[in-house]
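Have a look at the structure below before the remarks.
The values are calculated or read from the model by the stated rules, or taken from the named source; none is laboratory data. Only a predicted model underlies this, so the values are computations on that prediction, with no experimental measurement involved. Every residue, glycine as well, gets a Cβ built from its backbone with ideal geometry; the counts of neighbours run over all protein chains shown.
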């Protein structure tokens, strides 16, 4: 089987949300028939980037099994996880794939001590036999993220800083020795002065412990900094996917170009020169025929408005644009 | 627990008032167990006596001592309210939990029934039901039929709380910590639901006592059992006010006002105190002061 | 189109569900409760001294009563018939005022109740909301706090107790108002008739309005204090826009919106209140008729009133809901 | 000549709940001089007091925030006036026509039940001259056109506009009366990068057209690099460094600023970035002496005891750090 040495295969994945009841609701295609895969042998940080509402979080949640795809399949180490039924299989899967969430203050119940989640994870996944062993394991993972049990013990979330909490969140995810972390905007709420230490942590995890990471972000600078490959999403589609250097330094898709140009450089010598145009009212691009970016695309031709472009492999990457056919 | 009560008592005037009055009323209702008169029997004392040392609140036209009678009435009214609250909160919480956690068509079906009961005018239907059951009405039966119209409010609110909790990130953290649904509900969500249940419990008691009083006016209650409502009913039947036996009608009215007021103030102050947001604020403040 | 699909249609569906559930309960209640209205009427007749009724006549009477109550045939047939009669507005004859049809008794007393109810609801809604809005916006002012305390004391008191307190105060302690009736007997329709009408309606309306104000005041106050901390209000204040404009155009306009929906939800409660109040003040509305029906075991009349109130309240609530988009542009343009 | 002066400003949040009192020392002894016709950036992490500083600058002091000491002065052309000393009426006169404010989270600052043009008219009616009040329609339309926004937004309700458009409408609203000073609190947070760029360009354009002063607060250093002329760095309620944008980015002095600048990732550069150790302190109970000392790699004994004063070390470049100055802040 071709999926044999793949860590994760996402194929033809679609999620349609119906807002407001089955009869009267409005359809919203959050993720539209997307596919990609990750190697098992070679751990990597795979970034899914895009603006709000592009479907990146929906995609991540489907991979985590929190929401059910409308159609399509997700294979984790050859096993279709959309078909998981039994509690044991679910636990087995969660042992391998763990999430990191966006808001560290929301990751833990504000009315509970944070260590309770660490203990629960250690015990529920059978990593340890009893509470004292659990504490050994917890100390181990906390040290991995640069904390110690003393800093965390008996603390409520509000007594820790955002950076510390995000580390605890990562430590919790590591207790089960997972092979894949799915991190949804893990540093967007972390203070600037400690942001990079959290980002570096992901890098370390990959390099030293062989953990692969799916990094969901809108922050292209950190995406460039840590990732190996990147997928740029626009309105439910991955419009460009490839090695991060290729995609970000030499973007092919017009949307990727626009996105990268819009990122402000933290250098007063590299100020923006020309102005960009913004669309006045948000067009209903989700329901649109053809390429969803065509309304905003400066290079759009007639066919772009009518025919949905196919994915083409150009210069080491997949691009979803008529220009390269 | 005691510390919390002390804090509330000290810093919240509404609580202090409500709690004191409720304690007094509870004391009165306990007194009923030591009542020298059987509340169901008539003509035990001379009729229509104004308040005096022997009969603190006077006597009524049925030959009953009003003070001892009202202690029974308070006890029975509170009992009725609590019973209704227990029944309707159990149903409401159950329906809300099921709708919130199951979602989908189960949720839609349950909620449209629920919402219909909310919009439905309750009094006419309650009147219809109690007219039908007129001869068999007891405290328990009244509590059951009152519950028919008080569960939906709770059901709706529990569902709303559950829906918002389900989408919060810590619920996912609990899920990925390998906690099952039941454990998540009990350990993660209950602290958010309980304050609401407490407040709603008191509010339902309030509503039920009010409703029973209203039904009793129409003569649709367990008329032999003294409650605040039936006391007023009998006073009206004998036209106490027109005949100048003001102590007969005034006693239950004043008791009712104090009972409703204190229950309401208790529910407001408790729900404010237990609200997770205030609770968090308090936790933060304590951290500073220590 | 979207408004119809997303807003109006779901509400219409809900309306029909409400009517369906309500009417079904009304239909089922007497049939599932272990007391037979027919037998209880016959018991009453026998108690009045008709002991010598021969069995055949008794049988006939039972049949007639069953016919009158719609209790003939299988439960399903009865149910269909029940709806059919409902559509014709036929609730059978009243037993107390035999053979006046129930519908015409209701028709006679309905204007009284509707008048009292609408006036009380509108008055308490507008006064309560304006005062509550002011108190929520100027929450630090002394008068706002005093008003809040008063509202907190009034709010939990049921209509009935309030009515009694008013009677004790204004008809007994200070005999200003008449205790009972809808108008003084023997006055011709004229200016003094209207005056008498107002004088008689004053206390019942006052009881409804006072309790109503307490409710609307408290809910409006909490809504307003939430809205007052909304970004757009804080910003309007930052912009230095005059206080009264901020209060009415920015705060009240937005906090009134949920109150419209609440009015739809609350209308059943106000109706219940008016039933009781009418009875206490012997005001000639539905409440009085209801009391008569209960006391005389007038089954048809009771069923008619209950059915009618379900239809009326649900329709009123629906109308209020349907008017809502006129006030909220977010629902109007979606 | 400076158009706005902040002198030894102290503003705390003071709250009481069930008998426990707490005070957050959000702005603690801050002084600033802001020039005419410049874009001045204030940078810092969440909870460092930068938004509070802005609020006090525009005179928005409402409980639980209270002013403990210090002064804010506006240069009205003739003399300095302080928003704290004006009556509400006098203050209303200068609001919007002299100083205006674009608040944080301005996604929701537009009244959902009021058409956009009504809000513009409200502002003109409140603060404009008689002349302006007469022509409020044309003034509004011309202003919208000048900023390059489509006219149809005026006839819309807020919920009909996209987030970016709402943000730009708010900016137009803040500048309708051509104020001398515009104060913007995190104007681009929560916006997507493409929209963010459009919004920043609009801010720059406004500043170019009206030649006024723009004070912009954001935690995003890249935004400052692109738009600000001068930057102040805030840490735990205090300003630790002020300088020209180039100086701050190319030659940061304060150890905290160094961490902040050096940790910024850049597209096209994969070299390792390091964060400052530890975490920012709680303002309920800030550390003694220099508030950065527990995290500072170059901490000295004096840092734990004395508070360093913000002092000029180069022309237009001031630092509050004992590595560069020996001056101690008197409280």
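Data overview
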{"quantity": "Residue within region D:267-280 that is at the interface with chain A (Cβ under 9 Å from one of its Cβ atoms), crowded, with 24+ Cβ neighbours inside 10 Å and in a strand (DSSP E or B) present", "calculated": "no"}
{"quantity": "Members of region D:21-56 that are part of a strand (DSSP E or B) and within 19 Å of residue D:245 (Cβ to Cβ)", "calculated": "D:32, D:33, D:34, D:35, D:39, D:40, D:41, D:42, D:43"}
{"quantity": "Residue that is surrounded by the fewest Cβ atoms within 10 Å (Cβ to Cβ), among those in region C:1-31 that are at pLDDT below 80 and either under 30 Å from residue C:331 (Cβ atoms) or facing another protein chain (nearest Cβ under 9 Å) (or both)", "calculated": "C:1"}
{"quantity": "Filter result for residue D:209 (more than 9 Å from every other protein chain (Cβ to nearest Cβ) and buried (at least 23 other Cβ atoms within 10 Å of the Cβ))", "calculated": "no"}
{"quantity": "Unique residue being buried (at least 21 other Cβ atoms within 10 Å of the Cβ) and on the phi < 0 side of the Ramachandran plot when the list is B:133, B:123, B:148", "calculated": "B:123"}
{"quantity": "So residue D:147, is it touching a residue at least 24 places away in the same chain (Cβ under 8 Å), within 14 Å of chain A (Cβ to nearest Cβ), in contact with a helix residue (DSSP H, G or I) (Cβ under 9 Å, 6 or more places away or on another chain) and surrounded by fewer than 20 Cβ atoms within 10 Å (Cβ to Cβ)", "calculated": "yes"}
{"quantity": "Output for region D:83-104, where each listed residue is under 18 Å from the mean Cα position of the chain (by Cα) and closer than 14 Å to residue D:55 by Cα", "calculated": "D:83, D:95, D:99, D:100, D:101, D:102, D:103, D:104"}
{"quantity": "Qualifying positions in region D:1-20 - buried (at least 16 other Cβ atoms within 10 Å of the Cβ) and outside any strand (DSSP E or B)", "calculated": "D:18"}
{"quantity": "Residues located in region C:317-330, provided they are facing another protein chain (nearest Cβ under 10 Å) and surrounded by 17 or more Cβ atoms within 10 Å (Cβ to Cβ)", "calculated": "C:317, C:318, C:321, C:328, C:329"}
{"quantity": "Among the residues listed as D:138, D:170, the single one being more than 13 Å from the chain's Cα centre (by Cα), at pLDDT 90 or above and buried (at least 22 other Cβ atoms within 10 Å of the Cβ)", "calculated": "D:170"}
{"quantity": "Flag for residue D:195 being crowded, with 21+ Cβ neighbours inside 10 Å, more than 29 Å from residue D:36 (Cβ to Cβ) and within 9 Å of another protein chain (Cβ to nearest Cβ)", "calculated": "yes"}
{"quantity": "Test set (1) under 29 Å from residue B:190 (Cα atoms); (2) buried (at least 16 other Cβ atoms within 10 Å of the Cβ); (3) within 12 Å of chain B (Cβ to nearest Cβ); (4) within 25 Å of the chain's Cα centre (by Cα) - residue A:96 fails condition number", "calculated": "(1)"}
{"quantity": "Top-ranked residue in region C:116-150 [being within 11 Å of another protein chain (Cβ to nearest Cβ) and part of a helix (DSSP H, G or I); ranked as farthest from residue C:316 (Cα to Cα)]", "calculated": "C:149"}
{"quantity": "Residue match in region B:17-28 (condition: touching a helix residue (DSSP H, G or I) at 6+ places or on another chain (Cβ under 7 Å) and crowded, with 22+ Cβ neighbours inside 10 Å)", "calculated": "yes"}
{"quantity": "Long-range neighbours under 9 Å by Cβ, at least six apart or interchain, first residue more than 8 Å from chain A (Cβ to nearest Cβ) within region B:175-190, second in a loop (DSSP other than H, G, I, E, B)", "calculated": "B:189/A:109"}
{"quantity": "Hits in region C:278-304 (condition: over 15 Å from residue B:132 (Cα atoms), in contact (Cβ under 8 Å) with a residue 24 or more places away in the chain and facing another protein chain (nearest Cβ under 10 Å))", "calculated": "C:280, C:286, C:287"}
{"quantity": "Top-ranked residue in region D:80-104 [being more than 12 Å from every other protein chain (Cβ to nearest Cβ) and touching a strand residue (DSSP E or B) at 6+ places or on another chain (Cβ under 8 Å); ranked as surrounded by the most Cβ atoms within 10 Å (Cβ to Cβ)]", "calculated": "D:81"}
{"quantity": "Hits in region A:162-220 (condition: within 12 Å of chain D (Cβ to nearest Cβ), crowded, with 24+ Cβ neighbours inside 10 Å and assigned to a loop (DSSP other than H, G, I, E, B))", "calculated": "A:187, A:190"}
{"quantity": "Flag if residue D:264 is closer than 30 Å to residue A:250 by Cα, in contact with a helix residue (DSSP H, G or I) (Cβ under 7 Å, 6 or more places away or on another chain), outside any loop (DSSP other than H, G, I, E, B) and in contact (Cβ under 8 Å) with a residue 12 or more places away in the chain", "calculated": "no"}
{"quantity": "Residue in region D:212-228 that is within 12 Å of chain A (Cβ to nearest Cβ), in contact with a strand residue (DSSP E or B) (Cβ under 6 Å, 6 or more places away or on another chain) and in a loop (DSSP other than H, G, I, E, B) present", "calculated": "yes"}
{"quantity": "Conditions (1) within 9 Å of chain A (Cβ to nearest Cβ); (2) assigned to a helix (DSSP H, G or I): number failed by residue D:258", "calculated": "(1)"}
{"quantity": "Any hit, region D:58-67, residues being buried (at least 19 other Cβ atoms within 10 Å of the Cβ), at positive phi and within 12 Å of chain C (Cβ to nearest Cβ)", "calculated": "yes"}
